[in-house]
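Structure first, then comments.
Just so you know, all these numbers are worked out from the coordinates, no wet-lab data involved. A quick note: this is a predicted structure, and the numbers were derived from the prediction, not measured. When we count neighbours, we look across all protein chains shown, and the Cβ atoms used for this are built from the backbone with ideal geometry, even at glycine.
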Amino acid sequence: MEKIDMKPDFVFSPQPMYIIGTRNEDETPNFCIITWIGFSFDKTPHLMMTIGGSKQTKTNILRENMFSANLISEDNLWLADYFGTTRAEDKIKNDIAYNFNWGKYLNVPVLEQSKWVYECEVSRVIELDGAHLFLADIKNIQIDKNLIGMDLEMIDLNKLKPAIYAPYNYFSVGERIGGCGEWKYNLLNNNEEQETIKVRAN
């Protein structure tokens, strides 16, 4: 496979998306899409999130040290799109009706329309050049009661139906194509004696 070089840019980050919920100073909820999100582990599960520029969401997190991360799925995508394309610094985001509750472990707004929600407490803030990186301890996970019994070691994305962001468009998840450890059924010829595969760098 011949490859070409590309200049690093901000546009390639296909991944699930989350609506970040924070509390304003007047104790009203604020929701915003943040796409620079990943997960880590430091004795407990952590969520990593980078927010650049000036945003009400970042102001709230720096003050409150907590937030919720609400999974965006196909059925709440357009509500999420509204949250992501409006600025709370310009106006209150109340043009669209939505339902929320406050978290069970942390005082953060949790979106009722989300099937999978993380309640996160910030444990470290790293100030970058024009952005802030938040490392947050996941204190609680709320899931839709219809997902009770789902094997958490094989989370069925066909049930969650997460929306995938690939700038500047949204995509759905396709069918399951396999599981961890199934390479030997797909790369080796099972009708012949298995041979050691040698990897050679050019």
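A few points about this structure:
- The GluC sites (Glu not before Pro) of region 1-81 meeting both criteria, a DSSP state outside H, G, I, E and B (loop) and at most 14 other C-beta atoms within 10 angstrom of the site's C-beta, are Glu2, Glu25, Glu27.
- Dipole magnitude of region 15-177, debye to nearest 20 (Cβ charges: Lys/Arg +1, Asp/Glu -1, about Cα centre): 60 debye
- For region 15-177, taking the reciprocal of the average inverse distance between every pair of different Cα atoms yields a Kirkwood hydrodynamic radius of 16.1 Å.
- Residue among Gln113, Gly174, Met49 farthest towards the positive dipole end of the chain, charges placed on Cβ: Met49
- When the Gaussian network model of the chain links Cα atoms closer than 10 Å, the mean-square fluctuations of Gly53, Gly179, Gly103 top out at Gly179.
- Cα gyration tensor shape of region 63-114, rounded if a/c is under 1.5, else prolate or oblate by comparing a/b with b/c: oblate
- For the chain, built as a Gaussian network whose Cα springs stay under 10 Å, the top-fluctuating residue of Leu71, Leu147, Leu188: Leu188
- Note on Cys32, Cys180, Cys120: ascending count of other Cβ atoms within 10 Å places them as Cys180, Cys32, Cys120, the fewest first.
- Multiplying the residue separation of Ala97 and Met1 by 0.36 nm and subtracting their alpha-carbon distance yields 29.6 nm.
- Spacing of the two label points (7 Å from each Cα toward its C-beta) at Ala166 and Glu27, in nm: 4.5 nm
- Residue exposure sequence - Ile51, Ile126 - by fewest surrounding Cβ within 10 Å: Ile126, Ile51
- Whichever lysines have a C-alpha closer than 29 Å to that of Lys55, once near sequence neighbours (fewer than 8 apart) are set aside: Lys7, Lys91, Lys93, Lys104, Lys115, Lys139, Lys161
- For the chain, modelled as a GNM whose springs connect Cα atoms under 10 angstrom apart, the maximal fluctuation among Ala80, Ala131, Ala97 occurs at Ala97.
- Within region 1-64, the trypsin sites (Lys or Arg not before Pro) that combine a DSSP coil assignment with at most 14 other C-beta atoms in a 10 angstrom radius are Lys3, Lys43.
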